[in-house]
1. Examine segment 207-218 for a residue that is open to solvent by 50 Å² or more (accessible area, probe 1.4 Å) and either in contact with a Gly (Cβ under 6 Å, 6 or more places away or on another chain) or not in a loop (DSSP other than H, G, I, E, B) (or both), and state whether such a residue exists.
2. Show me the strands (runs of 3 or more DSSP E) found entirely inside segment 393-495 where at least 2 residues are in contact with a His (Cβ under 6 Å, 6 or more places away or on another chain), of a type outside the set (Gly, Ala, Ser) and within 25 Å of His165 (Cβ to Cβ).
3. Within the group Glu213, Glu224, Glu193, Glu231, which residue is touching a residue at least 60 places away in the same chain (Cβ under 8 Å) and not β-branched (Val, Ile, Thr)?
4. Tell me yes or no: at least one residue of segment 338-346 is among the polar types (S, T, N, Q) and at pLDDT 95 or above.
5. Taking the residues in segment 239-274 that are open to solvent by 40 Å² or more (accessible area, probe 1.4 Å) and part of a helix (DSSP H, G or I) as candidates, determine which candidate is farthest from Ala205 (Cα to Cα).
6. Do we have Met91 as assigned to a loop (DSSP other than H, G, I, E, B) and either touching a helix residue (DSSP H, G or I) at 6+ places or on another chain (Cβ under 7 Å) or more than 21 Å from His166 (Cα to Cα) (or both) here?
7. Please pick out the residue among Ala503, Ala494, Ala482 that is of a type in the set (Gly, Ala, Ser) and either within 30 Å of Ala350 (Cβ to Cβ) or open to solvent by 20 Å² or more (accessible area, probe 1.4 Å) (or both).
8. What are the residue pairs meeting all of these: first residue in segment 497-516, first residue at positive phi, second residue surrounded by fewer than 16 Cβ atoms within 10 Å (Cβ to Cβ) and of a type in the set (S, T, N, Q), Cβ atoms under 8 Å, and 6 or more apart or on different chains?
Amino acid sequence: MAEQNWVIQMKRADFDALSEQFHIDPVVARILVNRGVPEDKFEKFLNPTVDTMYSPFLMEDMNQAVRILIHDMEEGHKVRIISDYDVDGIMSNVILYKGLRRAGIVADYVVPHRVKDGYGINEEIVEAAAAEGVHTILTCDNGIAAVDALAKAKELGLTVIVTDHHDIPFNIEDGEKQYILPQADAILNPKKETCSYPFKDLCGAGVAYKLVEALYEKREIPKEEVQAYLELVAMATICDVVSLQDENRVIVVNGLKQLNHTRNCGLRALISANELSDLKLDAYHVGFRLGPCLNAAGRLETAEKAIDLLLEEDTGLALPKAQYIKSVNDERRDLTEQGVEQAEEYLRNAPEMKVFVIYLPDCHESLAGIIAGRIREKYHHPVLVVVDANEQGMLKGSGRSIEEYQMVEALQECDDILSKYGGHAMAAGFSLPAENLDSFTARLNENCDLLEDAFIPKVKIDVPMPISYVTEELIEEIEGLAPFGKGNETPVFAQKDVNLLSAKIMGKDRNVIKFTMETSDGAMGEGIYFNVPEITENIINWFGQEEYDKLLHGWLNNVVLNIVYYPSINEFNGNKTIQFRIKRYSMATVREML
């Protein structure tokens with residue numbers, strides 16, 4: 001196991017008073033405080049009902065956008081939706097397409113091709129819309145940075161509505177940010193400096209949902225009909241890795257409930273193709289099974305295949321479409337594994353770098369971001385994967401960062417050698433001439449002032465809690481805080497000086513190890529860890545082969561660890577037992593974290 005910093009979160013509050021006020025365990029109160037949930041938002045977090053969502057008309061330009069669309073409906077004007085090609089863009093597109101047509105508006109959609117068109121709306125797409133008699137362009141999950149393309153749209157006499165959630169582009173003038181907005185008749189983006197919408201972290205589908213919600217309200221369409229789209233917004237919210245607090249938590253909790261009983265024919269087919277029909281779907285199934293299938297269509301082929309699936313209303317047609325999309329994702333997964341292996345080989349032969357710039361000339365450009373993310377997770381460094389572009393002499397890249405490194409600002413410092421770039425603190429995309437790759441790599445690393453500690457991942461512990469405190473009731477309260485993800489990370493706890501009494505290797509692939517544990521206060525528990533080779537190697541290195549053999553036989557031994565854990569309830573043959581999922585561990589002689 002790589003080196004780690006274990007850090008206890010030390011936010012202060014009267015946890016006992018919060019426990020009494022909201023009828024929760026003090027440990028749960030502490031978790032909420034650690035997540036930055038204000039006391040006046042506790043009730044909404046604990047009971048995230050749909051009626052706590054904000055009015056869409058609080059978003060700047062919402063009235064104007066709705067007026068434009070109603071005018072288009074009355075005049076029979078054609079509206080063209082232009083989305084991104086990832087899950088967020090796909091869901092945004094489907095919500096707007098179905099929503100506009102339900103409201104009586106003539107609408108179609110275009111999705112830029114990842115390789116041919118690149119991200120977002122461009123001048124060619126605008127010119128095609130004008131030539132085909134489109135009156136209004138409606139962007140979703142893109143558009144806020146499309147200054148040139150939307151200037152062309154206005155020049156051609158098109159009406160423009162932007163719905164987006166990305167950061168507003170800016171220039172630095174005299175040390176201050178000067179924000180740049182595109183020419184548009186209405187811009188819906190809660191991150192606009194002048195927008196007073198109470199929650200800033202909606203995904204693109206969340207903003208699209210708000211527009212349809214406002215449109216339905218003005219057209220007096222029952223609210224239940226717009227709420228039927230919450231399952232799509234929930235999937236986008238999970239897959240786009242935005243904060244799972246405030247309104248996003250309401251969306252995801254209620255959207256997942258709907259997803260488990262979805263009426264969407266295409267989603268039912270996709271769930272079946274992934275052999276998930278008999279399971280209770282949660283954020284994991286969306287983020288790691290269903291979402292990647294939809295993403296794969298936009299990566300290796302066209303996102304329009306995913307949209308076509310979600311709009312399909314014939315079960316007989318939906319299933320083969322879903323199976324095809326799953327097969328594309330299987331291909332994407334195999335290509336990703338090959339790319340990760342090539343990236344690791346590149347690093348083994350490259351000079352030492354703080355910012356990993358990895359050149360994989362033959363890698364499919366749509367996989368660069370995934371590979372960068374995988375390498376970032378393993379090595380905890382900022383990672384940029386660069387591939388050959390279709391255009392002769394040009395390279396394209398995608399980066400994933402760590403908390404300590406602001407990636408898009410780092411790219412901004414290389415502005416003169418890049419052809420194009422964009423993104424945010426944790427992820428970015430860029431292109432550059434091939435002859436600039438070496439200087440790009442050198443400059444990123446010369447400008448990086450991170451110290452070595454930044455490359456050691458921090459394990460944030462919510463409570464140093466003895467396992468003897470854990471009960472089934474507490475576990476149920478903790479699980480009530482799910483779904484977990486960005487902004488609402490899975491809570492973890494720590495116990496020091498845990499003696500492993502015995503160990504049993506389990507599982508079809510023999511990659512799960514179950515321990516019987518005893519703490520210094522005499523409490524017993526069952527621990528489980530999901531990487532047998534790694535923990536076996538560490539126990540042998542730390543305590544010796546003889547002690548490991550004793551552990552496997554259940555004999556008296558000296559294997560004592562500090563553990564970071566998550567408690568769960570294991571049910572087998574109708575019997576419930578408390579099980580401690582070990583997330584991190586160290587030798588018990590290491591005490592600095594507790």
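The values are calculated or read from the model by the stated rules, or taken from the named source; none is laboratory data. This one's a predicted model, so the numbers in the text were calculated from it and none came from an experiment. Don't worry about glycine lacking a Cβ; one is built from the backbone with ideal geometry, like all the others, and counts go over all protein chains shown. Remember, those area values only see protein heavy atoms, side chains included, never the ligands or the DNA or RNA. Shrake-Rupley method; radii C 1.70, N 1.55, O 1.52, S 1.80 Å.
1. yes
2. The strands (runs of 3 or more DSSP E) meeting that bar number zero.
3. Values: Glu224 fails: touching a residue at least 60 places away in the same chain (Cβ under 8 Å); Glu193 fails: touching a residue at least 60 places away in the same chain (Cβ under 8 Å); Glu231 fails: touching a residue at least 60 places away in the same chain (Cβ under 8 Å).
Of the residues listed, the single one that is touching a residue at least 60 places away in the same chain (Cβ under 8 Å) and not β-branched (Val, Ile, Thr) is Glu213.
4. Taking every residue of segment 338-346 in turn, at least one turns out to be among the polar types (S, T, N, Q) and at pLDDT 95 or above.
5. Here the residue is Ser272.
6. No: the conditions fail for Met91.
7. Ala482
8. Asp497/Ser520
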